[in-house]
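**Q** Got a structure for you, written out below as structure tokens; questions coming shortly.
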Amino acid sequence: FMKRIFNFSAGPATLPLEVLTEARDEFLDFQGSGMSIIEMSHRGGIFQKVHDESMARLRAVAAIPERFDILYMTGGASTQFALIPMNLARKGGKAGYINTGVWSKKAIEQAKILGVDFVEVASSKDQNHNYIPSPINVPAGLDYVHMTSNNTIYGTQFRTLPNPGDSKLVVDMSSDFLSRPIDWSHIGMAYAGLQKNAGPSGLTVVIIDREYYEREKEETPSMFRYSTFAKEQSLYNTPPTFQIYMFGLVLKWIEKQGGLTAVDAANEKKAKLIYDVIDAHPDFYLGHARKEDRSLMNVTWNLAKQELTDDFLKGTKAASMDGLKGHRSVGGLRASIYNAMPLEGCQALADYMKDFLKKNG
Ligand code: PMP
């Protein structure tokens, strides 16, 4: 007997039960090798196939154009915050940053540490990042424009990517990676850790236009250069083999759902269940994000009677739900409803919210 709860954690986050089951079933003896996938050499044929297939699957699922390389790196999005200015900023050039919250700001801090000249092209700081700035006017001649497509903490999301003018976007997709189709036309690089939509933590997927490699500087060590990973198909050193394997399983699962268009439609339906309750009771449930900028991945809200927040959380635990406490910079409540959260989970939360209101409204 096994009881799985509805896990609304912001990440690491819930994964498809089918994926976890498949991993369990083939764990001890992977494809007749007599070993688990995490015990074998990353240079062996069995792992090589897992590795190559996952990259091919990602390219197909996300319709990644030929001009991009797919790199498997480590260190999370936080490491990319530093590698981006290190490798993409030109000497004497200027970068652009869109500031839509804590994660954007952390990216900006790394550019500062590295002494890279940059301009903040837009910010939502004036209203505790509860909206997406628009329109965004990007000055000409920037080396890149960094942005966060989904703001995990505040529950805001770019519906469409902004136009970076004559530059290209470098997009932190940590919390909405593979949740919807991606328009690559304005993108120079996209990156995300697996741990929200795509697998366990420990693998960072980087999708990068090959033209950026020529900007790399002589003084940059090999492990900090994108071209090193590209040249060696991300097997320059030992990669996180288990994460790569799990990523392949999640990609297969996405294909089975009908691909990113189908996943997006499902995510829309799921989010609507919760947003509808917030919208129907605006005096009781205070949504944080501006309506038109609301995220399909992270739903954020406060209780008008803030003193009831602990009761609300206690009740969710009793109803087999977890992970609903809001981030400290917004407070209140947050439901992270990534790809693997089933519709039933969102329905259960919506029902709980209606019930809680009846008792406490
Ligand atoms: N960017 C965003 C939008 C995030 O949500 C997170 C993690 N919550 C990060 C970056 C940091 O990612 P990591 O922990 O993989 O470095």
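Values quoted throughout were computed directly from the atomic coordinates according to the rules given, and no laboratory measurement underlies them. A quick note: this is a predicted structure, and the numbers were derived from the prediction, not measured. Counting neighbours? That spans all protein chains shown, and the Cβs are built from the backbone with ideal geometry, glycine included.
**Q** What distance in nm lies between label points placed 7 Å from Cα along the C-beta direction at D310 and N137?
**A** 5.0 nm
**Q** Also, I was wondering about something else. Return the subset of K125/K270; K217/K325; K168/K291 for which the Cα-Cα distance in this structure is over 32 Å, preserving the input order. Could the numbers behind the result be given before it?
**A** Values: K125/K270 28 Å; K217/K325 43 Å; K168/K291 28 Å.
Beyond 32 Å: K217/K325.
**Q** R0 = 56 Å: FRET efficiency of H42 with Q127, Cβ-based, nearest 0.05?
**A** Details: r = 47 Å, r/R0 = 0.84.
It comes out at approximately 0.75.
**Q** With a 10 Å radius around each residue's Cβ, average the other Cβ atoms per peptide and rank 32-39, 174-181, highest first.
**A** Details: 32-39: 13.4, 174-181: 24.6.
Packing proxy ranking, top to bottom: 174-181, 32-39.
**Q** Would you kindly derive the ³J(HN,Hα) couplings of region 124-136 from the backbone phi angles with the Karplus curve 6.51 cos²θ - 1.76 cosθ + 1.60 (θ = phi - 60°), listing them in order in whole Hz, with x for Gly and Pro?
**A** Along region 124-136, the couplings run 10, 5, 4, 10, 6, 6, 8, 8, 9, x, 6, x, 10 Hz.
**Q** If you don't mind, another one. Scanning the chain for helices, which whole DSSP H stretches are 15 Å or more long along the axis (Cα) and average 0.0 or more by Kyte-Doolittle?
**A** Values: long enough: 45-61 (24 Å, -0.16); 76-88 (17 Å, 0.76); 102-113 (16 Å, -0.30); 241-257 (24 Å, 0.39); 259-280 (32 Å, 0.11); 343-360 (25 Å, -0.48).
Once both thresholds are applied, what remains is 76-88, 241-257, 259-280.
**Q** Could you work out the local net charge near N360, counting Lys and Arg as +1, Asp and Glu as -1, over the other residues with Cβ closer than 10 Å to its Cβ?
**A** Values: positive: K305, K358, K359; negative: D311, D355.
Taking every Cβ under 10 Å from that of N360, the sum is +1.
**Q** Do the sum for the chain: with -39,500 (n - 2.57) for every DSSP H run of n ≥ 4, divided by all residues, what is the mean residue ellipticity at 222 nm, to the nearest 500 deg cm²/dmol? Could the numbers behind the result be given before it?
**A** Values: 9 runs with 124 residues, N = 361.
Value at 222 nm, helices only: -11000 deg cm²/dmol.
**Q** Which order do I153, I136 fall in if you start with the one that has the fewest other Cβ atoms within 10 Å?
**A** Working: I153 22, I136 17.
With the sparsest Cβ surroundings first, the list reads I136, I153.
**Q** With no solvent and one equal point scatterer placed on each C-alpha of region 18-257, evaluate the Debye formula and give log10 I(q)/I(0) for q = 0.10, 0.11, 0.13 Å⁻¹, two decimals.
**A** -0.48, -0.58, -0.79
**Q** Taking the simple approach of a point 7 Å from Cα along Cα-to-Cβ for both H186 and D276, what is their distance in nm?
**A** 3.2 nm
**Q** Between T79 and K49, how many nm apart are label points set 7 Å from Cα along the C-beta direction?
**A** 2.8 nm
**Q** Among DSSP bridges having both ends in the chain, what percentage is antiparallel? Round to the nearest 5. Let's see the in-between values first.
**A** Working: 22 of 39 bridges.
Among the beta bridges of the chain, antiparallel pairing accounts for roughly 55 percent.
**Q** Hey, with R₀ at 30 Å, roughly what FRET efficiency would Q257 and K317 work out to, going by the Cβ-Cβ distance, to 0.05?
**A** E between Q257 and K317, to the nearest 0.05, is 0.55.
**Q** Same structure again: Once you list every other residue whose beta carbon is under 14 Å from the beta carbon of T261, what net charge do they have if Lys and Arg are +1 and Asp and Glu are -1? It would help to have the intermediate numbers written out before the result.
**A** Working: positive: R180, K256, K269; negative: D183, E255, D264, E268.
After counting each charged neighbour, the total is -1.
**Q** Right, something else. With a cut-off of at most 10 other beta carbons within 10 Å, and DSSP calling the residue loop, which trypsin sites (Lys or Arg not before Pro) in region 274-361 qualify? Please list them.
**A** Numbers: sites: R290, K291, R294, K305, K314, K317, K325, R328, R334, K354, K358, K359; in loops: R290, K305, R328.
Those satisfying the criteria are R328.
**Q** Using the Cα gyration tensor of region 1-82, with a ≥ b ≥ c the square roots of its eigenvalues, what is the shape: rounded (a/c below 1.5), prolate (a/b larger than b/c) or oblate (neither)?
**A** Values: a/c = 1.77, a/b = 1.11, b/c = 1.60.
Since a/c reaches 1.5 but b/c is at least a/b, the shape of region 1-82 is classed as oblate.
**Q** Between Q233 and S329, how high is the FRET efficiency from 1/(1 + (r/R0)^6) when r is the Cβ-Cβ distance and R₀ = 56 Å? Nearest 0.05. Provide the component values of the computation, followed by the final result.
**A** Details: r = 39 Å, r/R0 = 0.70.
For R0 = 56 Å, the calculated efficiency reads 0.90.
**Q** Tell me, what is the percent relative contact order of the chain, built from C-alpha pairs under 8 Å that lie six or more residues apart? Each step should come with its number before you reach the end.
**A** Details: 653 pairs, mean separation 82.7, N = 361.
Across the chain, relative contact order equals 23 percent.
**Q** Same structure, new question: Taking every pair of alpha-carbon atoms in region 242-361, give the share separated by more than 26 Å as a whole percent.
**A** Details: 1741 of 7140 pairs.
When every Cα pair of region 242-361 is considered, 24 percent fall beyond 26 Å.
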